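**Q** Sharing a structure below in structure tokens format, with a few things to ask.
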Amino acid sequence: MLGQCITKNESLIAWVKEMTNLCQPTNVHWCDGSDEEYQSFCDLMVKSGTFTKLNENKRPNSYLARSHPSDVARVEDRTFICSKTKEEAGPNNNWADPDKMKAEMLPLYKGCMRGRTLYVIPFCMGPLGSPIAKIGIEITDSLYVVANMRIMTRMGKSVIEALGEKGTFIQCLHSVGAPLEPGQQDVPWPCEPDPAKKYIVHFPDDPAVWSYGSGYGGNALLGKKCIALRIASNVARKEGWMAEHMLILALTNPAGKTYYITAAFPSACGKTNLAMMMPTLPGWKVRCLGDDIAWIRRGDDGRLYAMNPENGFFGVAPGTSMQSNPNAMHSMEKNTIFTNVVLTPDGDVWWEDMGVPAPEKGIDWHGNEWTPSSGTKGAHPNARFTAPASQCPVIDKDWENPAGVPISAILFGGRRPSTIPLVNQSFSWEHGVFMGSAAGSETTAAALGASGQLRRDPFAMLPFCGYNMGDYFGYWLTFAKENRNALPKIFFVNWFRKTADGRWLWPGYGENSRVLKWICERVEGTGKAQETPIGYLPTPDAIDLSDCKVSAEDMAELLKVDKEGWIKEIESIGQNYARYGAHLPAALTAQLDELKARLNK
Ligand code: SAT
Ligand code: MN
């Protein structure tokens, strides 16, 4: 009944038994995380039609999966934080009473794995052995989830060993919600097709995660957004650290000095591109430590240290090319899972803006024959690649250092076609927290719903903060109580400015190194800046534009204070602040008032 059990941890055995009784799978499999096991799972998925094996000569050990067309992104309106009270979850989260939610979901799980195998995935977020690493056990009936978890987390026997007989773990229960009746033929991507019947539910007080109905990305790979952000943000606040939606990069200047920078941008706004960027400025080098999540703790020296809890990249494929992100392209040359991209006739993959011509014909993400003149996109805009971080050519030597790396600068940003300048340094930690709290971005395909609409996404954490965002703002402010001078400098960046007729003002990608250079100079206290009502902006000559095609007029536009735009911005920030009521720290209202006063002077 229990399969080949690989642990002596009694509470784990008891929980797996309980879930087996509830979900009634045909088999139970404890994942050991070995290469042989991974291979056998991939073979099984090729047989069942979930995976298409790609051409071994072009893309060794790599596979393509096509999801159900309803199951292509995170479902934010079906994501719940079930803290004891609604107030604890805050207006930024859907809330339900934990007992009521469990009572609602238990009948869904009853028999939900009939005809399927229940896989037990022991996983660790953070390098095994790190003092802040967290062990979780995900129970799932999706082999696709198992294979992705093996890339995205440290997974298998080593985790069971680290857990030992008495260790505790975070319970993560996942089912695609598609039991098989006797004789019923399986489909390549089983799931609950009705988005309104999917559930991504967090119980921060247990802590535990229950996910039902979806097999895609952040809905189903529970180590990622669910554990490493929503649950971890709760744990972090209790334990005195931070769980953030941030990339971590190391930037080395021509003199050989390295600066560690973290950056919080919403999903599908270029974190992966920045994290492994190829600087166009001669002599500068970027190395990558993480592209999505940073766990940050205070060191004995008062500095903030960042560590990536993940083991792989779950990156957006469309738009990724040898021009935009060669290091991501190299990271996915082998041992990679592609989801919802085009299959080419030679057994490789293609997507929009891959920088190579589209194949004359291919199979699109729906599984239909497709040609460039079909009039539809071949890849889904949220199509993904899942690749091991260790395959990144510029992975930093310290990316698995349990101590993390000391942060010099924190960046916030988003997709803002107007008003927000290319780069803006905060006057203080508090002003920086204000900048983070005021962040906004045009929505993207990473979540179901309309794309391209401005929404406030404070700290890029709106979908990922597992408690009241007003309290989260307050928690960020507390870090300045001690050792203020050891804190990173805070900047707001915006690579996405456009002219009224839709032309990009800034080339982005490797050219962003010019902005990072100025940021390092500001950290050193040498960068030239002018004090403006909105923050410290670079003086017109402060950003190194050698061999860069941006005109002086465009640069002036990118660095100007657009008073009218900011007056509207202030109004919109104020409206968003009102959501948080009494939980909004007075220090942030003061920041908003001061900004208004400075602008109107
Ligand atoms: O699907 S994920 O949540 O993993 C990707 C994202 O939205 O950042
Ligand atoms: Mn993300």
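The values are calculated or read from the model by the stated rules, or taken from the named source; none is laboratory data. Worth saying up front: this structure is predicted, and the values here are computed from it rather than measured. All Cβ positions, even for glycine, are placed from backbone atoms using ideal geometry, and neighbour counts span all protein chains on display.
**Q** Listed residues Gly378, Gly414, Gly355; which is surrounded by 23 or more Cβ atoms within 10 Å (Cβ to Cβ) and farther than 30 Å from Lys568 by Cβ?
**A** None of the other options fit; the residue is Gly378.
**Q** Quickly run through the range 549-576 and pick out the residues that are surrounded by 15 or more Cβ atoms within 10 Å (Cβ to Cβ) and hydrophobic (A, V, I, L, M, F, W, C).
**A** Val550, Met555, Leu558, Leu559, Val561, Trp566, Ile570, Ile573
**Q** Another one. In the range 61-87, what residues are surrounded by fewer than 20 Cβ atoms within 10 Å (Cβ to Cβ) and touching an Asp or Glu at 6+ places or on another chain (Cβ under 8 Å)?
**A** Answer for the range 61-87, where residues must be surrounded by fewer than 20 Cβ atoms within 10 Å (Cβ to Cβ) and touching an Asp or Glu at 6+ places or on another chain (Cβ under 8 Å): Ser70, Lys84.
**Q** Moving on. Among the listed residues Gly432, Gly436, Gly440, which satisfies the condition of being on the phi < 0 side of the Ramachandran plot and free of Cβ contacts under 8 Å to residues at least 60 places away in the same chain? Let's see the steps before the verdict.
**A** Numbers: Gly436 fails: free of Cβ contacts under 8 Å to residues at least 60 places away in the same chain; Gly440 fails: free of Cβ contacts under 8 Å to residues at least 60 places away in the same chain.
Matching residue, one of Gly432, Gly436, Gly440: Gly432.
**Q** Can you go through Tyr577, Tyr536 and tell me which one is outside any helix (DSSP H, G or I) and either of a type in the set (Phe, Trp, Tyr) or within 23 Å of Gly470 (Cβ to Cβ) (or both)? Steps first, answer last, please.
**A** Values: Tyr577 fails: outside any helix (DSSP H, G or I).
Exactly one residue qualifies, and that residue is Tyr536.
**Q** Now, a different point. Here is a list: Arg74, Arg59. Which entry is of a type outside the set (A, V, I, L, M, F, W, C), touching a Lys or Arg at 6+ places or on another chain (Cβ under 8 Å), closer than 26 Å to His366 by Cα and within 16 Å of ligand 1 (Cβ to nearest atom)?
**A** Among Arg74, Arg59, only Arg74 is of a type outside the set (A, V, I, L, M, F, W, C), touching a Lys or Arg at 6+ places or on another chain (Cβ under 8 Å), closer than 26 Å to His366 by Cα and within 16 Å of ligand 1 (Cβ to nearest atom).
**Q** So which strands (runs of 3 or more DSSP E) stay within the range 214-311 end to end and still have 1 or more residues that are within 12 Å of ligand 2 (Cβ to nearest atom) and touching an Asp or Glu at 6+ places or on another chain (Cβ under 7 Å)?
**A** It comes to 247-252, 258-264, 285-290, 294-298.
**Q** Exactly one of these conditions fails for Arg579: (1) touching a helix residue (DSSP H, G or I) at 6+ places or on another chain (Cβ under 9 Å); (2) surrounded by 17 or more Cβ atoms within 10 Å (Cβ to Cβ). Give me its number.
**A** (2)
**Q** Please pick out the residue among Lys100, Lys58 that is at pLDDT 95 or above and either assigned to a helix (DSSP H, G or I) or aliphatic (A, V, I, L, M) (or both). Before the answer, list the steps.
**A** Values: Lys58 fails: either assigned to a helix (DSSP H, G or I) or aliphatic (A, V, I, L, M) (or both).
Answer to the selection: Lys100.
**Q** State which residue is surrounded by the most Cβ atoms within 10 Å (Cβ to Cβ) when the search covers only the range 582-601 and only residues that are within 28 Å of the chain's Cα centre (by Cα) and over 22 Å from Tyr536 (Cα atoms).
**A** If we take residues in the range 582-601 being within 28 Å of the chain's Cα centre (by Cα) and over 22 Å from Tyr536 (Cα atoms), then Pro585 is surrounded by the most Cβ atoms within 10 Å (Cβ to Cβ).
**Q** How about the range 372-397: which of its residues are touching an Asp or Glu at 6+ places or on another chain (Cβ under 8 Å) and free of Cβ contacts under 8 Å to residues at least 12 places away in the same chain?
**A** Selection gives Ser374 alone.
**Q** Looking at the range 297-313, which of the residues that are over 22 Å from Ala268 (Cα atoms) and not acidic (Asp, Glu) is farthest from the chain's Cα centre (by Cα)?
**A** Gly302
**Q** Counting only residues that are touching a Ser or Thr at 6+ places or on another chain (Cβ under 8 Å) and assigned to a loop (DSSP other than H, G, I, E, B), which one in the range 318-346 is surrounded by the fewest Cβ atoms within 10 Å (Cβ to Cβ)?
**A** Going residue by residue through the range 318-346, those that are touching a Ser or Thr at 6+ places or on another chain (Cβ under 8 Å) are 320, 325, 328-329, 332, 334-340, 343.
Going one step further and asking which of them are assigned to a loop (DSSP other than H, G, I, E, B), we end up with 320, 325, 332, 334-336, 340.
Values: Thr320: 23, Asn325: 24, Met332: 23, Lys334: 16, Asn335: 19, Thr336: 23, Asn340: 28.
Filtering first and then ranking leaves Lys334.
**Q** A follow-up question, please. If you take the residues of the range 493-516 that are among the aliphatic types (A, V, I, L, M) and in a helix (DSSP H, G or I), which of them is nearest to Leu251 (Cα to Cα)? Steps first, answer last, please.
**A** First pass over the range 493-516, keeping only residues among the aliphatic types (A, V, I, L, M): 493, 500, 505, 515-516.
The next check asks that each one be in a helix (DSSP H, G or I); those that pass are 515-516.
Values: Val515: 12, Leu516: 8 Å.
It comes out as Leu516.
**Q** Given the criterion aliphatic (A, V, I, L, M), within 16 Å of ligand 2 (Cβ to nearest atom) and farther than 30 Å from Asp205 by Cβ, identify the matching residue among Ala389, Ala460, Ala447, Ala438.
**A** Working: Ala460 fails: farther than 30 Å from Asp205 by Cβ; Ala447 fails: farther than 30 Å from Asp205 by Cβ; Ala438 fails: within 16 Å of ligand 2 (Cβ to nearest atom).
That would be Ala389, the only listed residue that is aliphatic (A, V, I, L, M), within 16 Å of ligand 2 (Cβ to nearest atom) and farther than 30 Å from Asp205 by Cβ.
**Q** Could you tell me whether Ala480 is touching a residue at least 24 places away in the same chain (Cβ under 8 Å), surrounded by fewer than 19 Cβ atoms within 10 Å (Cβ to Cβ) and within 30 Å of Arg298 (Cα to Cα)?
**A** Criteria met by Ala480.
**Q** Output the number of the condition that Trp495 fails; it satisfies all remaining conditions of (1) within 25 Å of Arg230 (Cβ to Cβ); (2) surrounded by 23 or more Cβ atoms within 10 Å (Cβ to Cβ).
**A** That leaves (1) as the condition not met.
**Q** Look at Glu192 and say whether it is farther than 20 Å from Ala65 by Cα, out of contact with any strand residue (DSSP E or B) (no Cβ under 6 Å at 6 or more places or on another chain) and not in a helix (DSSP H, G or I).
**A** Answer is no for this residue.
**Q** Scan the range 177-197 and tell me whether some residue there is at pLDDT 95 or above, within 20 Å of the chain's Cα centre (by Cα) and within 16 Å of ligand 1 (Cβ to nearest atom).
**A** no
**Q** Residue check, Asp194 against (1) acidic (Asp, Glu); (2) under 21 Å from Asn468 (Cα atoms); (3) surrounded by fewer than 23 Cβ atoms within 10 Å (Cβ to Cβ), all met but one. Which one?
**A** (2)
**Q** Can I ask one more? Mind checking which residues of the range 212-269 are more than 12 Å from ligand 1 (Cβ to nearest atom), touching a Lys or Arg at 6+ places or on another chain (Cβ under 6 Å) and under 30 Å from Pro179 (Cα atoms)?
**A** The answer is Gly213, and nothing else.
**Q** Just to verify a result, which residue in the range 295-317, among those that are in contact with a Leu (Cβ under 9 Å, 6 or more places away or on another chain) and farther than 19 Å from Met155 by Cα, is surrounded by the fewest Cβ atoms within 10 Å (Cβ to Cβ)? Don't jump to the end; show me each part of the working.
**A** Step one: of the range 295-317, the residues in contact with a Leu (Cβ under 9 Å, 6 or more places away or on another chain) are 296-298, 302-304, 306-308, 314.
Then drop every residue that is not farther than 19 Å from Met155 by Cα, which leaves 296-298, 302-304, 306.
On the way: Ile296: 22, Arg297: 18, Arg298: 17, Gly302: 14, Arg303: 19, Leu304: 24, Ala306: 26.
Across the range 295-317, the extreme among qualifying residues is Gly302.
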